[in-house]
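Visitor: Got a structure here, written out as structure tokens. Questions coming.
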Amino acid sequence: MTVAARQNATQEIHYIRSNIAFNTVASGTQVSMGAAVPANAQILYTAVAVQTVFNAASTNVLIVGTAADPDALVAAGGADETAVGVTLVAPATLGGIMSSSADVELFWTCTQSGTAATTGAATVVVAYVPNA
């Protein structure tokens with residue numbers, strides 16, 4: 001599925017937000033955030049807000065990125081899925097530029113192992129400024 005980049009006509013911070021639950025999809029499945037960052041947009045930060053801890057027995061990992069680079073914005077260990085709170089993750093790329101030539105669709109992946117989780121809820125917010 002191709003999604004459109006979100007870009008308002010005025011210069012302002014834009015956001016893409018996605019809610020995640022421990023049982024949304026099978027562990028390790030990449031899920032579209034339902035929007036793309038426009039070409040040459042500058043990522044300011046990604047926020048991971050854990051509202052309910054993820055409680056799989058062995059591992060609870062949430063990553064955020066693109067289809068080609070699944071952990072481009074939030075790598076494993078970038079947020080603590082086992083504690084309620086908000087983590088701000090700075091962009092890994094110099095200047096936070098996502099792409100120089102094309103819109104980039106965003107995805108999240110939640111991987112759990114060990115005894116299956118029975119709880120877990122988080123919200124991922126990506127803040128960016130389009131190239132005007």
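Taken together, the values in this text are just the output of simple stated rules run on the coordinates, not laboratory data. These figures come from a predicted structure and were not determined experimentally. Virtual Cβ from ideal backbone geometry, glycine too; neighbours counted across all protein chains shown.
Visitor: For the chain, take every pair of Cα atoms, bin their distances at 5 Å starting from 0, and report each bin as a whole percent.
Guide: Calculated over all Cα pairs of the chain, the distribution is 2, 11, 22, 24, 17, 12, 7, 3, 1, 0 percent.
Visitor: Another question, if that's okay. Label residue 3 and residue 118 with points 7 Å out from Cα along Cα→Cβ: what is the distance between them in nm?
Guide: So the two model labels end up 3.2 nm from each other.
Visitor: Shifting gears a bit: Subtract the Cα-Cα distance of residue 45 and residue 111 from 0.36 nm times their separation in residues, and report this length gain in nm to one decimal.
Guide: Contour length minus the Cα-Cα distance gives 21.6 nm.
Visitor: Placing unit charges on C-beta atoms (Lys and Arg positive, Asp and Glu negative, everything else neutral), compute the dipole magnitude of the chain about its Cα centre in debye, rounded to 20.
Guide: So the dipole magnitude of the chain works out to roughly 140 debye.
Visitor: Tell me the label-point distance for the pair residue 84, residue 25, using the 7 Å Cα-to-Cβ offset, in nm and rounded to one decimal.
Guide: Simple spin-label model gives 2.8 nm for this pair.
Visitor: Another question, if that's okay. Among 106, 53, 88, whose Cα projects farthest towards the positive end of the dipole of the chain, with charges put on the beta-carbon of Lys, Arg (+1) and Asp, Glu (-1)?
Guide: 53
Visitor: Using Cα pairs under 8 angstrom and six or more residues apart, how large is the relative contact order of the chain, in percent?
Guide: 45 percent
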